[in-house]
Every structure is written in C-alpha cells, then in structure tokens.
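Quick notes on the structure that follows.
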Amino acid sequence: MSYDWLAALVFLVVLVGLTLAGRFLAFKVPALQQMRELNHEADRTKLSRKRFKDAVKASNRAGLITNLAFYVAILPFCLSLEPRPFWRHGVDIVAVLMVFDFFYYLTHRFLFHGKLLNKVHALHHQARTPTYIDALYVHPLETTIGLVLFLGSIPLIAALSGAPLSAYSVAIATLIFTQVNTINHTYVNLPYFPFKTLDYITSIHAAHHVDMKRGNYATLTMLYDWAFGTLEERVDRSTA
Ligand SMILES: [Zn+2]
Ligand SMILES: [Zn+2]
C-alpha cells in the first residue's frame with residue numbers, strides 16, 4: 001500500500017475534464033438546453049429565499065470538507081496508474097457503484113426514513129416537485145453520510161480486490177455517481193427517443209419526493225427497490 005499522489009492527481013484531472021466536457025456537449029442539444037432553462041428558472045425562485053440559499057451553502061461546505069479530507073488522507077492509498085485489462089475497469093466501476101447503491105438504499109430506507117434521521121432528511125423532502133437545485137438542498141449531515149457511503153466504497157472494493165483501483169475507473173465511477181445524483185433531481189419532460197432513459201431517471205426519483213414513505217430509496221439504479229419490493233411508479237411529467 002503506497003501513497004500514490006500522482007494517481008490521485010490524474011483522478012482529479014480526468015474527473016473535472018470529463019465533467020466539463022460532458023456539460024459542454026450535453027447543452028449543445030437544444031432539448032436539453034431548454035430543460036436546463038426551465039430548471040434554472042425554478043431554481044432562481046427557490047434560491048431567492050435566504051433560508052434555502054443558506055441550506056445549499058451549508059450542504060456544499062460539508063461536501064467540500066468531506067471530499068477534501070478523503071482526497072488527501074485516503075484516496076491516494078486506493079489508486080494506481082498501473083495498466084489493467086479493459087474488462088477489469090468495467091468490473092471495478094460496477095462494483096463501486098453497486099456497493100454504494102446497496103448501502104445507500106439501506107441508509108435511506110431505514111435511517112433517513114426511520115426514526116433516527118427522519119428530521120434531518122425532512123429538509124430535502126420539502127421539495128415536492130424537485131428541480132436541479134434540490135440535489136443540493138440537503139442537510140449537511142445527510143450530505144456527509146451520503147458522500148462517506150460513496151467514498152467508502154472505493155477503499156472497500158480496493159481491499160476486497162487486494163490491490164489499488166485504477167485512477168481512471170474511479171474517476172468514471174465518481175462521474176456517474178455525481179451526475180446521476182444531480183440529474184435525478186432535475187425536471188425533465190422528454191418522453192421520447194433518445195431521451196427516454198434520462199426521462200425515466202428523473203421521474204422515478206421525483207416519485208420518491210411526492211411523499212416520505214413509499215419507495216424508490218436507491219439513487220443510482222432501481223435494482224434494490226425492485227429486489228426488496230419498494231419500487232414505486234414514476235411520476236408522469238405531462239400531468240405533474
Ligand atoms: Zn431527492
Ligand atoms: Zn427520502
């Protein structure tokens with residue numbers, strides 16, 4: 001086990017580069033740009049409330065501190081730049097994301113919607129018809145727990161596989177984690193090809209925001225909701 005700062009730096013550069021490039025390309029598509037404007041308009045109204053804006057700032061601060069601490073103290077021990085077969089990248093990305101989603105499902109269902117953290121989670125659930133900014137309208141404690149669950153799955157998979165993970169694989173897993181967690185809160189009403197998957201991701205989490213109790217507790221895939229019988233019907237955006 002070594003402290004590979006170069007691998008951690010490559011991870012950061014790849015993650016930021018892919019995020020910026022993806023955003024630049026995605027909003028060249030007129031339908032997506034139109035949805036972005038709709039979200040911005042709703043977000044501006046929400047952010048005009050001081051309490052809302054302060055909550056978003058507090059969540060961002062908690063996220064930054066958690067990310068920085070992990071980035072400096074743990075991540076360099078879990079990454080390397082050693083080449084590996086293509087299939088191994090795929091296996092590691094899926095493993096990190098599925099392990100995180102499993103623990104997130106349990107935490108969300110039994111802690112955030114249980115007696116212990118119900119009040120903490122209630123802040124995020126003030127959003128009945130979520131838009132982009134609601135992904136950040138989260139109590140700082142919830143932000144930290146969610147991030148620790150994702151970040152913790154990186155050393156866990158590295159330990160289980162007996163070697164550091166590829167900096168590139170972890171950058172892609174992190175990109176998917178951050179993007180799906182944000183995208184699933186946006187308002188999207190594009191129920192036709194090629195936007196059907198995007199439409200599904202956003203409307204399935206919107207159903208979770210309708211009330212506090214019914215289902216759709218996982219955040220990346222609906223596999224665990226389906227397996228444990230908590231899968232809820234998506235919200236129909238043409239009427240809601
Ligand atoms: Zn949510
Ligand atoms: Zn919830």
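The values are calculated or read from the model by the stated rules, or taken from the named source; none is laboratory data. This is a predicted model, so every value here is computed, not measured. So basically every Cβ, Gly included, is an ideal-geometry build from the backbone, and we count neighbours across all protein chains shown. In case anyone asks, the SASA skips ligands and DNA or RNA and just uses the protein heavy atoms, side chains included. Shrake-Rupley method; radii C 1.70, N 1.55, O 1.52, S 1.80 Å.
Quick notes on this one:
- Relative to the longest principal axis of the Cα atoms of the chain, helix 5-26 runs at roughly 30 degrees.
- Alpha carbon Rg of the chain, scaled by the compact-globule rule 2.2 N^0.38 Å: 1.03
- Fraction of accessible area attributable to carbon and sulfur, the chain (%, probe 1.4 Å): 69 percent
- Cut-off under 5 Å, modelled amide H: who pairs with Ala218 long-range: Asp225
- Farthest toward positive dipole pole in the chain [+1 Lys/Arg, -1 Asp/Glu at C-beta], among Ser48, His113, Leu25: Ser48
- Assuming charge only on the beta carbon of Lys and Arg (+1) and of Asp and Glu (-1), the dipole of the range 84-200 about its Cα centre is about 160 debye to the nearest 20.
- Surface exposure of the range 85-240, expressed per residue as accessible area with a 1.4 Å probe, stands at 47 Å².
- Net charge, His125 excluded, C-beta distance under 15 Å - Lys, Arg +1, Asp, Glu -1: +2
- Tensor-based shape of the range 166-227 (alpha-carbon gyration tensor, a/c under 1.5 rounded, otherwise prolate or oblate): oblate
- The charge dipole of the range 11-140, taken about its Cα centre with unit charges on the Cβ of Lys, Arg, Asp and Glu (plus for the first two, minus for the last two), comes to roughly 560 debye.
- Separation of the range 78-100 from the range 1-47 is 21 Å, based on Cα centroids.
- Charge dipole (debye, nearest 20) of the chain; +1 at Cβ of Lys and Arg, -1 at Cβ of Asp and Glu: 680 debye
- The chain, relative contact order [Cα under 8 Å, separation at least 6], %: 27 percent
- Local net charge near Tyr217, Cβ-Cβ under 9 Å (Lys/Arg +1, Asp/Glu -1): 0
- Too-long pairs where the Cα-Cα distance tops 32 Å, listed order kept, from Lys50/Lys119; Lys28/Lys53; Lys28/Lys213; Lys28/Lys119: Lys28/Lys213; Lys28/Lys119
- For the range 159-238, the relative contact order works out to 25 percent when only alpha carbon pairs closer than 8 Å and six or more residues apart are counted.
- Averaged over its residues, the range 1-66 has an accessible area of 70 Å² per residue, based on protein heavy atoms and a 1.4 Å probe.
- The amide H of Leu165, built 1.01 Å from its N in the peptide plane, has Leu79, Ser80 as neighbours under 5 Å, considering only residues 5 or more places off or on other chains.
- Among Gln179, Val148, His208 the positive-end extreme of the charge dipole of the chain (Cβ point charges): His208
- Relative to the longest principal axis of the Cα atoms of the chain, the long axis of helix 196-210 makes an angle of roughly 70 degrees.
- Whole-Å semi-axes of the range 1-127's equivalent ellipsoid (Cα gyration tensor): 31, 23, 17
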